[in-house]
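What follows is calculated from the coordinates using simple rules that are stated; it is not laboratory data. Because the structure is a prediction, the values reported are computed rather than measured. In this analysis, Cβ positions are derived from the backbone assuming ideal geometry, glycine residues included, and neighbour counts consider all displayed protein chains.
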Amino acid sequence: MKVKGFNSLKPIIGVIYLAPSLGYANHPGMSQVIDLAVEDLEVLKKCGVEGALLENENDRPYTVLAGPEVIASMSVTANEIIKHCSSDIVLGSEFLINDPEASLAVAKASGCSFIRTDYFVDRMSREEYGGEMRINPEEVMNFKNRIGASDIAFFSDIQVKYATMLEEKTLGESAKEAFEKGSDGAVISGRITGVAPQVSDLLEARKGSTDIPLIIGSGLALDNIAELMPVCDGAIVGTAFMTNDNRMDYEKIAPFMDMVRRVRA
């Protein structure tokens with residue numbers, strides 16, 4: 001199944017962890033934030049990765065909503081990075097922990113092609129962030145339309161890692177609801193970062209909806225590509241692409257993408 005915003009089938013999206021944003025004690029300055037992200041983007045491009053997702057991973061401690069200084073920081077960064085993109089790689093944005101409107105606004109203002117959001121249709125709790133996470137898919141889609149962002153692909157996690165479900169629902173039911181509420185791709189992860197979903201998880205999600213692309217959100221690695229890629233429509237990859245200090249690693253990405261191309265063929 002084709003994924004909105006991408007020309008290739010089963011696109012691979014590499015996650016770029018941005019250096020700390022404005023307002024954080026270890027913020028290195030905007031020039032350095034941009035330069036580091038461009039370096040990571042160039043490695044992804046060299047290896048033939050089709051997408052790059054900007055995340056404010058290093059903004060610790062996380063906040064539920066993005067502050068104005070963080071939104072400004074990512075907007076400026078994305079606007080500069082997109083100048084280094086080509087027809088072969090597109091850019092996306094995500095704010096952690098739960099601010100899809102901010103992600104959409106940055107994407108629209110800077111020319112990004114997609115966003116990811118961790119919470120969309122599932123009632124879930126993160127006690128360390130105050131309990132139940134805010135979800136209002138209708139409000140998010142209204143905002144998306146209001147800012148003229150209908151062309152931006154909206155990828156939403158279902159039953160996302162690290163959170164506790166507050167309702168009984170199968171992955172299939174979550175995938176179906178995500179599609180009905182306007183998502184362009186259901187992101188399915190393992191229980192924690194770096195852990196892959198099971199094949200059975202992907203098949204269960206597919207039972208619920210044959211209309212929405214299924215995107216692996218964690219854990220795709222060189223040793224499970226052959227098993228997982230045939231049952232998904234794309235993947236977002238972080239851990240398997242990174243050095244120990246979370247920079248893009250050509251020596252890891254190049255063989256990974258070689259294997260992906262073999263499986264696609």
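Mind jotting down the three principal axis lengths of the range 148-246 based on Cα atoms? Whole angstrom, largest first.
Cα extents, longest axis first: 38, 34, 28 Å.
Between SER31 and LEU9, what FRET efficiency comes out of the Förster formula 1/(1 + (r/R0)^6) with R0 = 30 Å and r the beta carbon distance, rounded to 0.05?
0.20
Which of the lysines could be linked to LYS144 by a straight reach, that is with a Cα gap under 24 Å, when you skip same-chain ones fewer than 8 residues away?
Qualifying lysines at Cα under 24 Å: LYS2, LYS4, LYS83, LYS108, LYS176, LYS181.
Within the range 142-257, what percent of beta bridges assigned by DSSP are antiparallel, to the nearest 5?
That works out to approximately 10 percent antiparallel.
Taking the range 77-182 as the region of interest, what is the percent of Cα-Cα pairs per 10 angstrom bin, listed from the shortest bin to the one with the maximum distance?
15, 44, 30, 11, 1
So if I take the alpha carbon set of the chain, get Rg, then get Rh from the Kirkwood formula, what is the Rg over Rh ratio? Walk me through the numbers on the way to the answer.
Numbers: Rg = 17.0 Å, Rh = 18.3 Å.
My calculation puts Rg/Rh at 0.93.
So between SER87 and GLU127, what do we pick up on full extension, going 0.36 nm a residue minus the alpha carbon distance?
Details: separation 40, 0.36 × 40 = 14.40 nm, distance 4.17 nm.
That works out to 10.2 nm of additional length.
What is the antiparallel percent of DSSP beta bridges lying wholly in the range 1-98, to the nearest 5?
Of all bridge pairs located within the range 1-98, approximately 10 percent are antiparallel.
What distance in nm separates the two pseudo spin-label positions at LEU65 and ASP245, each 7 Å out from Cα along the beta-carbon direction?
Calculated label separation equals 3.6 nm.
So for the chain: antiparallel DSSP bridges make up what percent, rounded to the nearest 5?
20 percent
Between ASP151 and ARG264, what FRET efficiency follows from the Cβ-Cβ distance if R0 is 22 Å, with the result rounded to 0.05? Present the calculation step by step, with values, prior to reporting the outcome.
Details: r = 26 Å, r/R0 = 1.16.
Efficiency computed from Cβ-Cβ geometry: 0.30.
Averaging sequence separations of C-alpha pairs under 8 Å and six or more residues apart, then dividing by the length of the chain, give the relative contact order as a whole percent. Don't skip to the answer; put the middle values down first.
On the way: 575 pairs, mean separation 48.5, N = 265.
It rounds to 18 percent for the chain.
Using 0.36 nm per residue of separation minus the Cα-Cα distance, give me the extension gain between TYR162 and LYS2 in nm, one decimal.
54.7 nm
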